Amino acid sequence: MSDDDWVKVINTGVDFVIDSDAHSPSNVGKVDFALDIVKRLEIPLSRIKNIDGQVSEMRFTEFKNKM
């Protein structure tokens, strides 16, 4: 999606969930692309429902560290 598309979505007021959309175990938790969008478009962290208020504290980090 373009940034303009993202802005339209953001302006609807919806909440977000960040996901790595991993297709292999080694990619679980790799969310750099999503975090770039969050930072670039200044999406409020309060609207991202699967983080604990800190972008670096993703809830699946523990899972990845067990692999």
*Protein chains only, probe 1.4 Å: how do L45, L35 rank by accessible area, largest first?*
L45, L35
*Along Cα→Cβ, 7 Å out, is where each label goes; now give me the distance between the ones at V17 and I37 in nm to one decimal.*
1.4 nm
*For D4, solvent-accessible area (1.4 Å; no DNA, RNA or ligand), Å²*: 110 Å²
*Given R₀ = 30 Å, FRET efficiency for M1-S24 by Cβ-Cβ distance, to 0.05?*
0.80
*Rounded to the nearest 10 Å², the accessible area of V14 at probe 1.4 Å*: 60 Å²
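The values are calculated or read from the model by the stated rules, or taken from the named source; none is laboratory data. None of these values were measured; they are calculated from a predicted model. When we count neighbours, we look across all protein chains shown, and the Cβ atoms used for this are built from the backbone with ideal geometry, even at glycine. Areas reflect the complete protein model, heavy atoms only, side chains present, ligands, DNA and RNA absent. Shrake-Rupley method; radii C 1.70, N 1.55, O 1.52, S 1.80 Å.
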